[in-house]
Amino acid sequence: MSNIFLNYRRDDAWEATQLLRARLEQWFSPDAVFMDVAGIEGGEPWRRELDRRLNWADTVVVVIGDRWLDELERRLAQPEDWVRWEIAEALRRGKRVIPLLVGAAGLPAAARLPEPLKPLAELQAIPLSNARFEKDIEALVEAIGRRRLVDQLREAQLARRLMRVAPVLVPAVTLAAFFLASVSLFDLLRLDSLVANATMLLGDLVVDNRPSRQLVLVAKEHDEQRALDGTARADNAALIDALSRLGARRVVFDVFFRRSTPHDAVLLDAIRAARERGTDVAFGFNAIEAGRPVAFPGLVETGAALGSVCIARRLGLATLGFLAVERDGVSLPALPLVAAFGPVGIGQVRTDIAKIDLDLRAATRRSIPYSHLERIREGRSECPALMEGDVGAALLFPLSTRERLRDGAFQKSAAQVLARRVFPDPEFKEMIVLVGVRHPQDKVITRLDAGGTRYGFEFHADAVSAILEGRTVTYLGLWAQWGLMLFLAALAVALRLWRPARLARLRIWLAVGAVLAYLGAAVLVYARWLVLINAVYQVVAFLVAYWAFGLLERRWRHGQAQ
């Protein structure tokens with residue numbers, strides 16, 4: 001079936017065009033013949049409809065009567081001569097254009113035609129006379145049908161050529177995309193991080209993540225003067241004493257101490273007393289000297305554990321927590337790991353497996369999953385304990401909203417804790433308590449906080465929850481990523497092979513829909529299974545395959561036309 005577009009002037013060959021439409025509808029079908037008067041309904045945007053119908057048509061019949069050339073020349077100064085535009089567009093788009101000469105009309109000479117219409121003068125015309133009307137109509141129908149058959153044969157030949165090259169093109173495109181990923185090109189362009197952050201953001205919004213039921217947050221208000229004179233350490237000692245009496249299993253401070261003060265002895269005594277009651281105590285550190293965490297004298301000797309408070313950033317967002325960081329062959333634990341398991345001794349980070357083996361003091365040997373090993377790059381952290389070149393066992397994890405983290409049932413104030421008089425307290429008994437300071441310089445922006453900030457200890461709370469609940473985000477395996485890249489590249493080729501000569505605009509929408517559907521599936525996989533798909537790799541494979549196949553199609557089609 002051919003799709004036929006009738007181009008005519010109402011002041012030239014109106015009656016002949018009406019008869020022509022009726023006869024062509026009998027030969028083909030009413031749906032296969034377009035004439036603007038009958039084909040555009042009231043209220044439709046007619047300019048857009050003309051453009052759509054030109055794309056739809058296989059054949060454009062230009063009806064030329066006795067007054068056609070005079071009308072054309074008279075309207076040359078008019079920019080919106082739609083008859084002229086239709087012919088020029090049909091020629092430009094490579095449509096089959098058949099001049100139909102009504103009565104005594106002749107084919108215009110190229111010299112009298114405007115530049116876009118000059119090719120019309122070189123086309124074989126078909127006459128349409130009163131004396132031979134039916135015979136001339138049959139000749140036109142035969143020309144349209146014969147051309148359609150030729151077009152079908154050419155399309156079949158083109159499809160066979162494209163199908164022969166598909167088994168080579170798809171793996172080649174996949175290998176190219178895989179190579180670009182292996183040299184971190186997407187990461188250098190920030191595409192990798194952008195897509196990963198967007199995927200996790202949407203997944204975190206789909207799932208209402210909640211902090212672990214084994215964890216309680218305690219927030220202290222920052223007091224600059226008490227921090228400077230060291231009396232804040234006496235406040236921390238009071239908190240340790242109260243929480244250990246309330247029955248806390250572990251008290252972890254998301255703070256670090258680098259200098260001595262007159263109040264250190266009070267703090268050290270509180271730590272020893274808490275440990276005698278069975279409560280572990282831990283603090284953070286943010287600097288390393290001679291391969292050891294920096295802390296004021298005597299702190300480590302009490303048995304208090306130390307963990308790095310460093311946070312890595314991508315695109316300016318707090319993104320990564322860590323289980324451990326290795327520098328110069330020495331691996332040191334991060335605070336979330338210490339909060340989850342207490343004092344931890346870490347051996348050499350192993351790069352050949354997807355687990356980091358941790359020797360837990362007073363516990364059996366176990367393996368704890370992490371997201372990936374990452375070599376810290378410049379600008380990823382502002383923390384002295386996390387320097388460029390260090391290797392970290394990075395931890396990606398789902399985030400809770402600030403409202404969840406600041407819920408009164410989960411986050412308490414230091415004043416509320418000190419006011420407790422029930423020992424032990426069911427709300428704290430055997431709980432891990434993460435203490436943080438609402439410090440103006442300890443605010444971070446995460447993927448869920450584009451319009452505001454949260455405090456660093458609130459970010460660490462989600463990292464601790466992820467370790468406790470086994471909610472570590474992992475990456476899709478290498479072979480699975482490779483398979484998806486092959487699938488997306490093959491899908492792009494299949495779209496190109498589907499009726500390649502027509503429906504170009506629909507194919508584009510289907511391609512866009514396929515990409516969006518894949519990105520949506522990546523979000524659902526993250527939300528449901530906490531598996532992060534590097535969707536940028538597959539999308540690049542799809543787009544490159546779609547573009548490369550389209551380039552081959554256009555070149556071979558152009559060669560056929562010649």
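Take every Cα pair under 8 Å in the chain that's 6+ residues apart, average their separations, divide by the length, and report that relative contact order as a whole percent.
Relative CO of the chain lands at 15 percent.
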ALA139-LEU107 FRET efficiency (beta carbon distance; Förster radius 22 Å; 0.05 resolution): 0.90
Average projection area in nm² (convex hull over Cα atoms of the range 433-483, one quarter of hull surface): 5.4
Estimated 222 nm signal from helices in the chain, with DSSP H stretches of n ≥ 4 weighted -39500 (n - 2.57), rounded to 500: -15000 deg cm²/dmol
Efficiency of FRET from Cβ geometry, ARG421 and LEU175, R₀ 56 Å, rounded to 0.05: 0.25
Sequence-separation-based contact order of the range 4-131, relative, with Cα cut under 8 Å and 6+ spacing, percent: 27
Interatomic Cα distance distribution for the range 418-507, bins of 5 angstrom, percent: 3, 9, 10, 10, 10, 10, 9, 8, 7, 7, 6, 4, 3, 2, 1, 1, 0
Footprinting exposure proxy for ILE137, ILE311 (fewest neighbouring C-beta atoms within 10 Å first): ILE137, ILE311
Linear extension gain, TRP46 paired with ASP269, 0.36 nm per residue minus alpha-carbon span: 71.7 nm
Vicinal HN-Hα couplings computed from phi for the range 448-456 (Karplus, 6.51 cos²θ - 1.76 cosθ + 1.60; Hz; Gly/Pro x): 9, 10, 4, x, x, 9, 10, 7, x
Residues whose placed amide H lies under 5 Å from that of ARG96, excluding near-sequence neighbours: VAL60
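Would you mind calculating the gained length between ARG555 and ASP223 on full extension (0.36 nm times residue separation, minus the Cα-Cα distance), in nm to one decimal?
112.3 nm
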Average Cα contact separation per residue, the range 403-562, under 8 Å, 6 or more apart, as relative contact order %: 22
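What's the whole-number percent of alpha carbon pairs in the range 256-347 lying beyond 17 angstrom?
Tail fraction, whole percent: 53.
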Least to most buried among CYS383, CYS310 (fewest other Cβ within 10 Å first): CYS383, CYS310
Peptides 332-341, 124-133 ordered by average Cβ neighbours within 10 Å, highest first: 332-341, 124-133
Antiparallel bridges, percent of DSSP beta bridges restricted to the chain (to nearest 5): 40
Vicinal HN-Hα couplings computed from phi for the range 300-307 (Karplus, 6.51 cos²θ - 1.76 cosθ + 1.60; Hz; Gly/Pro x): 5, 5, 6, x, 5, 8, 10, x
Principal axis box of the range 4-131, alpha-carbon based, largest edge first, Å: 37, 36, 26
Cα Rg, Dmax, the range 162-303, angstrom units: 25.4, 82
Rg and Dmax of the range 214-469, Cα atoms only, in Å: 17.2, 51
All-pairs Cα distance distribution in the chain, expressed in whole percent, bin size 20 Å: 18, 33, 19, 17, 11, 2
Amide H contacts of LEU532 (H built 1.01 Å from N, under 5 Å, at least 5 apart or other chain): THR474, TYR475, LEU476
Anchor LYS429: lysines whose Cα lies under 19 Å away (excluding residues fewer than 8 positions away in-chain): LYS412
Amide H contacts of ASP425 (H built 1.01 Å from N, under 5 Å, at least 5 apart or other chain): GLY247
In Hz, Karplus ³J(HN,Hα) per residue of the range 278-286 (6.51, -1.76, 1.60; θ = phi - 60°; x = Gly, Pro): x, 9, 6, 10, 9, 10, x, 9, 10
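Quick note: the coordinates plus some simple rules give every number you see, no bench work behind them. Note that the structure is a prediction, hence the values are computed from the model and not measured. Backbone-built Cβ (ideal geometry, glycine too); neighbour counts: all protein chains shown.
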